[in-house]
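Structure first, then comments.
The values are calculated or read from the model by the stated rules, or taken from the named source; none is laboratory data. Just so it is clear, the structure is predicted and the values come from calculations on it, not from any experiment. Note that we place each Cβ from the backbone using ideal geometry, even for glycine, and neighbour counts take in every protein chain shown.
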Amino acid sequence: MFGWFSKGKVAIQLPKLNYRVGEAVRGSITYSVKKPLHANEVTMQLYAQEKRTQGFGQNRRTTTIKVFDFTVPLSGETELSPSQKYTQNFEITIPQDAVQQKPTSEVANTVLAAASMLARTSKQTKWYIKARVDVKGFDITKKQQINVA
């Protein structure tokens, strides 16, 4: 968005975008800086946000909450040079309880859908993987949406 204002770039490389609970999200990040910088740390974050909408018409209210959040440090303090590209691998396993189990019977799903319609509520969960290079001022970040079932 503000490319002229950024201190560098970070890119996330993932072999796929669809994952199941219990599976490891593996990949790598590549980052570079425009001028010499001191990085406090480099991290990868796996998180899920649930967007809940309640009500109807003008009485509609939407809230977004984090329902899962896990961060893995990739490196500690380091000096970064603009003449170098940095690459780090990562692996984060999605815990078995990260996604609430939904009823498997068709009747239970129909009852839940009807109750949701009567209460005029809906919810949508999105999963993200986010790379962060923590530097003074604005951090260098990149996030990628993934699918978790």
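Contact map, the range 45-58: first residue over 13 Å from Lys123 (Cβ atoms), second residue surrounded by 14 or more Cβ atoms within 10 Å (Cβ to Cβ) and small (Gly, Ala, Ser), Cβ cut-off under 9 Å, separation 6 or more or different chains; pairs are Gln45/Ala131; Leu46/Ala98. If you go through the range 2-13 and keep only what is over 20 Å from Tyr128 (Cβ atoms) and either touching a Gly at 6+ places or on another chain (Cβ under 8 Å) or assigned to a strand (DSSP E or B) (or both), you end up with Lys7, Gly8.
Residue check: Ile12 meets all listed conditions (1) touching a Ser or Thr at 6+ places or on another chain (Cβ under 7 Å); (2) within 16 Å of Thr87 (Cα to Cα); (3) of a type in the set (A, V, I, L, M, F, W, C) but one, namely (1).
Residues in the range 14-31 that are closer than 16 Å to Gln45 by Cα and not in a loop (DSSP other than H, G, I, E, B): Tyr19, Ala24, Val25, Arg26, Gly27, Ser28, Ile29, Thr30, Tyr31. Entry remark, the range 32-60: residues being under 22 Å from Val133 (Cα atoms), outside any strand (DSSP E or B) and touching a strand residue (DSSP E or B) at 6+ places or on another chain (Cβ under 8 Å) number 2 in total.
Can you tell me which residue in the range 61-102 is surrounded by the most Cβ atoms within 10 Å (Cβ to Cβ), limited to those that are part of a loop (DSSP other than H, G, I, E, B) and in contact with a Lys or Arg (Cβ under 8 Å, 6 or more places away or on another chain)?
The initial filter retains those residues of the range 61-102 that are part of a loop (DSSP other than H, G, I, E, B), namely 76-77, 81-85, 94-95, 99-102.
In the following step, the residues that additionally are in contact with a Lys or Arg (Cβ under 8 Å, 6 or more places away or on another chain) were identified as 82, 94.
Details: Pro82: 13, Ile94: 21.
For the range 61-102, the residue satisfying everything is Ile94.
In the range 1-44, the qualifying residues are those that are at pLDDT 95 or above and of a type in the set (S, T, N, Q), and the one that is nearest to Gln124 (Cα to Cα) is Asn18.
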